[in-house]
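What follows is a single structure, written as structure tokens, with notes after it.
Every number in this text was worked out from the coordinates using simple rules, so none of it is lab data. In this text, all values refer to a predicted model and were calculated from it rather than measured experimentally. A quick note on method: Cβ atoms are made from the backbone with ideal geometry, for glycine too, and the neighbour counts reach across all protein chains shown.
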Amino acid sequence: CGIEELKDLQHLSNRLELHELRKVKSGSKANLHEKHNLCHLVLNWNCNRSDILTNDDINNEEETLESLLPPSEIKVLEVYGYHGIQIPQWMRDPKMFQFLRTLKISSWPRCKDIPLIWLSSSLENLVLIGMDNLTTLCKSIDVGAEGYNSFQQVFPKLKSMTLINLPNLERLIEEP
């Protein structure tokens, strides 16, 4: 089935898992942002680290993730096996994470950035696994200027942080 079949299912609720996203063609529309009863979203590309991807494959993954904008009320977001280099625009929007409680990102070997999770006042659980190029968790934030004077204030409700296989992680916060 095509992902477009989700487009008109406005009453999907609770948890939605999308697997084999590497097979989705760029430009496909699922209109996830209109599914306001959705609270848990799993996006899985099912790619192995050993998969050989062309630039077209990588561009397709970036366009696909960009098109999978979840509803702003999402509480749990899990993204696995993404081989794109860039994170989508919607992950750069602090409003996206107002209600987010759990974020799990696994097997993003090329990506250098993560979403603006430190702007989420609701984030309780953060799991990052297998991000080979990630060097800094919170990039370019002026802790003092933003009104934060400690790491705990950057993540005010964080209860659990799991960081696994991040070989190039150098620091948690990079101040400008």
>> As I understand it, the value is the acute angle between the Cα axis of helix 55-67 and the longest principal axis of the Cα atoms of the chain; what does it come to in degrees, rounded to 10?
In response: 80 degrees
> In terms of Cα to Cα distance under 19 Å, which aspartates and glutamates are near enough to Lys95, apart from those fewer than 8 places away along the same chain?
Replying inline: Glu34, Glu66, Glu73, Glu78, Asp113, Glu124, Glu146
> When Cα extents along the principal axes in Å is calculated directly from the model, which label among [x] 66, 33, 26; [y] 50, 37, 23; [z] 64, 47, 36 fits?
Replying inline: [y]
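With charges set only on the Cβ (+1 for Lys and Arg, -1 for Asp and Glu), what does the dipole of the stretch 25-125 come to about its Cα centre, in debye to the nearest 20?
Dipole of the stretch 25-125, to the nearest 20 debye: 260 debye.
What is the magnitude of the charge dipole of the chain about its Cα centre, with +1 placed on the Cβ of each Lys and Arg, -1 on the Cβ of each Asp and Glu, and no other charges, expressed in debye to the nearest 20? Don't skip to the answer; put the middle values down first.
Numbers: 19 positive and 24 negative charges, 93 e Å.
That gives a dipole near 440 debye.
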> Of the cross-linked pairs Lys23/Lys159; Lys7/Lys112; Lys29/Lys112; Lys23/Lys75; Lys7/Lys159; Lys29/Lys157, which ones have a Cα-Cα span greater than 29 Å in the structure shown?
Replying inline: Lys23/Lys159; Lys7/Lys112; Lys7/Lys159; Lys29/Lys157
> What distance in nm separates the simple spin-label points at Val42 and Leu169, each placed 7 Å from Cα in the Cβ direction?
Replying inline: 2.3 nm
> Taking 0.36 nm per residue of separation and subtracting the Cα-Cα distance, what length does fully extending Val127 through Lys159 add?
Replying inline: 10.4 nm
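Find how much the distance from Asp57 to Lys75 grows on full extension, using 0.36 nm per residue of separation minus their present alpha carbon separation; answer in nm with one decimal.
Length gained, Asp57 through Lys75: 3.6 nm.
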